[in-house]
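Notes for the one structure printed next.
FYI, it's all coordinate maths here, none of it is from the lab. Being a predicted model, the structure only gives us computed values, none of them experimental. Note: ideal-geometry Cβ built from the backbone for every residue, glycine included; neighbour counts use all protein chains shown.
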Amino acid sequence: MTKDHPVHPELWKPLRYIGVYFLFVAVMVLFSWIMVSLLNTRIPTGLASFLPPMIAAMVEGQRFAMDNGGPPPKGRIWRAILGMTGIVLIINLCFLTGLLILQTELIPMFKNYSPYLLAFGAFLLFLMTLVNRLFYGLGVRSYLKSKAAKEMQ
């Protein structure tokens, strides 16, 4: 194949994924601060945990479709998805480490419940993998659908 269309196109770019993830976290922190200040209400924790990777995976899917003009090869998608999930795991472990450094009184609680927390963490990691896969595919489909609609005009 040519230089423009490699045999194995790059399915995602880790630095872009991280950048979108942190940009969306920053937007959510600002939005949360505004909500607490003005409305005295908070963003649900689950939403704050899953929304940044959803958006980042969707952006990656859109960029792949934009750069390659079609969907990615089916057998290779999961390698990219597992990479995205790994990044989310590393980011959250860094946040957890920072939390435990700043609030050392939480360490005994983590020691007491560690088997349950590990099982729950593994389940959340599985869910994050599915979320990344779903929203990566959604990003690809949404871009291709909008491109087809523009071409019809």
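Pick out the one residue from 66, 58 that is of a type in the set (A, V, I, L, M, F, W, C), assigned to a helix (DSSP H, G or I) and within 16 Å of the chain's Cα centre (by Cα). The unique qualifying residue is 58. Go over the candidates 42, 16 one by one and state the one that is of a type in the set (Lys, Arg) and part of a helix (DSSP H, G or I). So the residue among 42, 16 that is of a type in the set (Lys, Arg) and part of a helix (DSSP H, G or I) is 16. Beta carbons closer than 7 Å, at least 6 apart along the sequence or on distinct chains, pair a first residue in the range 129-150 that is farther than 19 Å from residue 80 by Cα with a second that is buried (at least 19 other Cβ atoms within 10 Å of the Cβ) and hydrophobic (A, V, I, L, M, F, W, C) for 144/65. In the range 50-59, the qualifying residues are those that are aliphatic (A, V, I, L, M) and within 11 Å of residue 131 (Cα to Cα), and the one that is surrounded by the fewest Cβ atoms within 10 Å (Cβ to Cβ) is 51. Among the residues of the range 35-49, those that are surrounded by 12 or more Cβ atoms within 10 Å (Cβ to Cβ) and small (Gly, Ala, Ser) comprise 48, 49. Of all residues in the range 81-136, exactly one satisfies the criterion of being outside any helix (DSSP H, G or I) and of a type outside the set (Phe, Trp, Tyr), namely 103.
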